[in-house]
1. Quick check: anything in the stretch 395-403 under 29 Å from V310 (Cα atoms) and either surrounded by fewer than 16 Cβ atoms within 10 Å (Cβ to Cβ) or touching a Cys at 6+ places or on another chain (Cβ under 9 Å) (or both)?
2. Name every residue in the stretch 415-425 that is open to solvent by 20 Å² or more (accessible area, probe 1.4 Å) and either in contact (Cβ under 8 Å) with a residue 40 or more places away in the chain or more than 30 Å from E48 (Cβ to Cβ) (or both), in order of residue number.
3. Quick one: in the stretch 82-93, which of the residues that are more than 15 Å from L123 (Cα to Cα) and in a strand (DSSP E or B) is most open to solvent (accessible area, probe 1.4 Å)?
4. Which numbered condition in (1) farther than 20 Å from R49 by Cα; (2) open to solvent by less than 10 Å² (accessible area, probe 1.4 Å); (3) β-branched (V, I, T) is the only one that V350 fails?
5. Consider K197 carefully, then state whether it is in a strand (DSSP E or B) and either among the acidic types (D, E) or open to solvent by 40 Å² or more (accessible area, probe 1.4 Å) (or both).
6. Condition test on S367, is it free of Cβ contacts under 8 Å to residues at least 60 places away in the same chain, among the small types (G, A, S) and over 17 Å from N260 (Cα atoms)?
7. Quick test of your reading of the structure: E129 fulfils all but one of (1) modelled with pLDDT of 95 or more; (2) farther than 30 Å from E413 by Cα. Name the failing condition by number.
Amino acid sequence: MKRSVKAIAAAAAALTMALSCVSAAYAVSDAPAVQSDNESVTKYEFTERKTVEVPYNGNVMFADNDGTVYYMGSVSKDRAKIFTLDENGKIRYSYNCDSYVNDKGEKISPLMNPTLKQCGDYLYLIYSEYSGLVYMSVKENVIVKLDKKLNEIEKYRYEKGNSIDTNGEKVVYLKGYSKIYICDMDGKNKKLLYSVKNNAKPHEQPLNSIAIAGNYVGFQKRTGYANESDRKEYCGIIDIQTGGITLHEQRSVKQVFSSNGNLIWYGDYGYYPENDDSNISSDVISGGAAAVDSYLSKRYKYYSNSEIYVFDCESYSVVKTPNAKEAGQDSIIDNKGNLITTSYDGKGNVIYRIYRDGRLLGEHTVSYKGYCKAVANDGVLTICYDGYTPTADDWIGWNDSTPQEEVEAMLAEQAERSAKLKEMYPMKSVTFSYK
């Protein structure tokens, strides 16, 4: 029986709610780190600090320009909490995000796809609201302006969009995977910045993400179809003041995000060499998810290196590193201008590398069972882990024909299991300084 994309997405969302994190493991070996061409360049060294248990099984979310780390945890099924900790692991400042019932009688839940970023002296919590438990329906996008003590300054609401970001003065969002809009923080002065050309030749693919840094908006543009000769992918930059658009063609452009006033794009780790990569025989499918994964893995061709594309609001650059798996959404640019990457060696180790101007300035390897996520800024790297290695029992799924009552029963059972695991394996946070 085929599982629909909708069911897979719902299962993934259910897993996210059920478990604090899932440890990452990759089969591709980590390549040797690139060496600096100037050995006199100051190298960063990592020093381990204190490890604390995180309240509410929270996970790291963001580190501001002072190195203060912000966590997100679940107080109950109807309340999430953003918070900071003191040196003893006690909550110092916090902000609550609560579910509520709207005027239509729908229960609205917050914090779908949450991000936290700093613009000037303020923090901006960005997320989508949704309704429904089995099949989630996205409602509005929300941006909350906070001070560093997590006091709410203002809360803004915007129409449903597939990606949203702010620079603290303007808001950009993606509507319908085809149009990029910009508006004031209060939603006024809405303006169309870019629209996908539906009748273009070669065909222009839908958009999937946007980001803003300073006076520039980043997006990814893709034309043609995957693995065909006319396929082209670009890092797109829109100048808000002039409306001008600059395109940089690259081998693969998957998504864009902002980090410390920079736009960062990343691409796929490799490619399928044949045009029919989506055609999988029924014999393979009948073998289950493991058989399909093995079949696709054998056909997939990895690039010889990674490429990370960065625009600092003045110049555009391509950072290349030897490991194809080093580029991705886990990259960070700190307030000193360092690019920090995360990669995995397939043996349970996580490697952090610091680059500046294309040179490797530092490297540190950790090995924590149940590794979840890391954030970094101002010389501070903070890692969360829970000590638990997920098993097949931690995953659930269903298809469109599964009765809702059965799905809800599975979710309830999984929530009970998750609660027990969280008691047995509480989330921990360990901090390193890099100087």
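1. No: zero hits.
2. A415, E416, R417, A419, K420, L421, K422, Y425
3. Checked the stretch 82-93; the qualifying residue most open to solvent (accessible area, probe 1.4 Å) is R92.
4. If we test V350 against (1) farther than 20 Å from R49 by Cα; (2) open to solvent by less than 10 Å² (accessible area, probe 1.4 Å); (3) β-branched (V, I, T), just (1) comes out false.
5. Here the answer is no, as K197 does not meet what is asked.
6. It is true that S367 is free of Cβ contacts under 8 Å to residues at least 60 places away in the same chain, among the small types (G, A, S) and over 17 Å from N260 (Cα atoms).
7. Result: E129 fails condition (2) only.
Conditions tested, residue by residue: (1) of a type in the set (A, V, I, L, M, F, W, C); (2) within 23 Å of G89 (Cα to Cα); (3) open to solvent by 10 Å² or more (accessible area, probe 1.4 Å).
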| residue | (1), (2), (3) |
| --- | --- |
| I354 | yes, no, no |
| H364 | no, no, yes |
| A374 | yes, yes, yes |
| Y388 | no, yes, yes |
| D393 | no, no, yes |
| E408 | no, no, yes |
| M427 | yes, yes, no |
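The values are calculated or read from the model by the stated rules, or taken from the named source; none is laboratory data. Everything numeric here is computed off the predicted structure, so don't read it as measured data. When we count neighbours, we look across all protein chains shown, and the Cβ atoms used for this are built from the backbone with ideal geometry, even at glycine. All accessible areas refer to the heavy atoms of the entire protein, side chains included, with ligands and DNA or RNA removed. Shrake-Rupley method; radii C 1.70, N 1.55, O 1.52, S 1.80 Å.
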